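Asker: The structure follows.
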Amino acid sequence: MNIIETAGLGKRYGRTWALRDCTLDVPGGHVVALVGPNGAGKSTLLNMATGLTTPTAGRVTVLGGVLAGSPPALDRIAFVAQDAPLYKNLPVTDMLRVARFLNLRWDAERAAARLSRLGIEPGKKVGALSGGQKAQLALTIALARRPDLLVLDEPLAALDPLARHDFMQSLLSEVAAEGISVVLSSHMVAELDQVADYLIVLGRGQVLVSGEVSSLVAAHGVGLEKLVLGYLREASMEVAA
């Protein structure tokens, strides 16, 4: 089953195409790294895949052909945006209660157990949490929805190196335990090297390459970070020419 399928997908704001002619078949069962520089179209693609934005051109389906943004798709996808909508004046317990009433599927025991393992106090106000703890709270809320597809848009951007490491390790543990598919966007390629097994590189609002990391690395004889930088450098040279 493909978790995301696009055909000629595009989004235009005014005269500017944020994403153009995007055609992808992303298989399930992977941790997918969606990488590229700022402005490459990563958030635009994820927003269309999760139904937050309507395409200007083309089509996008998820989870084996379900229309993106439809009720069946929304019920099976959990999305964590870069600026997760957490209410800083609420205690963690009340934040979970709000999330429970906003979602049809909710596993309260899982959420409470995960926060306990992470040492996040339920009575502490969200605004008093560290950056890493806020990211973990947002991830906990997403996982409590029991999604088939977890979409994370730049979750590492505001975290320090230790918090990034802890976040990625806990994410991998959840993926291994639950078998969910993950699409993770980031411009921090080095952080994804030991995590992702499927890669999509965007540049200039277009797909530069996509495929399994092992195959791409073997074909080019370089590591993930050098592979991505090579494609982005090549794309920049084409624009300059």
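Asker: Given [x] 139; [y] 128; [z] 105 as candidate values of volume of the Cα convex hull per residue in Å³, which corresponds to the one derived from the coordinates?
Answerer: Entry [y].
Asker: At 0.692 mPa s and 37 °C, plugging the Kirkwood radius over alpha-carbon pairs of region 60-180 into Stokes-Einstein gives what diffusion coefficient in µm²/s? Spell out each step's value before the answer.
Answerer: Values: Rh = 14.8 Å.
So the translational diffusion coefficient is about 222 µm²/s.
Asker: Taking the Cα centre as origin and putting +1 on Lys and Arg beta-carbons and -1 on Asp and Glu beta-carbons, what dipole magnitude results for the chain, to the nearest 20 debye?
Answerer: Values: 23 positive and 23 negative charges, 158 e Å.
The dipole magnitude comes to about 760 debye.
Asker: Kindly express, to the nearest 10 degrees and within the range 0 to 90, the angle between helix 161-178's C-alpha long axis and the longest C-alpha principal axis of the chain.
Answerer: Between helix and principal axis, roughly 90 degrees.
Asker: Exposed loop sites here are trypsin sites (Lys or Arg not before Pro) in DSSP loop states with at most 12 other C-beta atoms within 10 Å. What is the longest stretch of the chain lacking them? Display every interim value, and only then the final one.
Answerer: Numbers: sites that count: 15, 88, 105.
Looking at the chain, 106-241 is the longest stretch - no exposed trypsin sites (Lys or Arg not before Pro) with at most 12 other Cβ atoms within 10 Å.
Asker: Further question: Enter the mean projected area of the convex hull around the alpha-carbon atoms of region 119-240, in nm², rounded to one decimal. Can you show the working numbers first?
Answerer: Values: hull surface 36.5 nm².
That works out to 9.1 nm².
Asker: Another one. Along the three principal axes, how long is region 1-115 when you take its alpha carbons, biggest first, rounded to the nearest angstrom?
Answerer: Result, largest extent first: 44, 31, 24 Å.
Asker: Rounded to whole Å, give me the distance from the Cα center of region 170-241 to that of region 41-97.
Answerer: 21 Å
Asker: Here's another thing I want to ask about it. Can you give the relative contact order of region 80-142 as a percent, counting alpha carbon pairs under 8 Å and 6+ residues apart? Before the final figure, lay out each step's value.
Answerer: Working: 49 pairs, mean separation 32.1, N = 63.
Dividing the mean separation by the residue count of region 80-142 yields 51 percent.
Asker: Placing +1 on the Cβ of each Lys and Arg and -1 on the Cβ of each Asp and Glu in region 87-216, which of 161, 187, 90 has its Cα farthest towards the positive end of the resulting dipole?
Answerer: 90
Asker: What value, in deg cm²/dmol to 500, does the helix sum -39500 (n - 2.57) over DSSP H runs of n ≥ 4 give at 222 nm once divided by the residues of the chain? Walk me through the intermediate numbers first.
Answerer: Working: 9 runs with 94 residues, N = 241.
Mean residue ellipticity at 222 nm (helix-derived): -11500 deg cm²/dmol.
Asker: Quick one: order 56, 6 by neighbouring beta-carbon count within 10 Å, fewest to most. Intermediate values should be presented prior to the final figure.
Answerer: Working: 56 15, 6 25.
Going from least to most buried by this count: 56, 6.
None of the figures in this text is laboratory data; all of them are computed from the coordinates on show. Bear in mind the structure is a predicted one, so any value in this text is a computation, not a measurement. Every residue, glycine among them, receives a Cβ derived from its backbone with ideal geometry; neighbour counts consider all protein chains shown.
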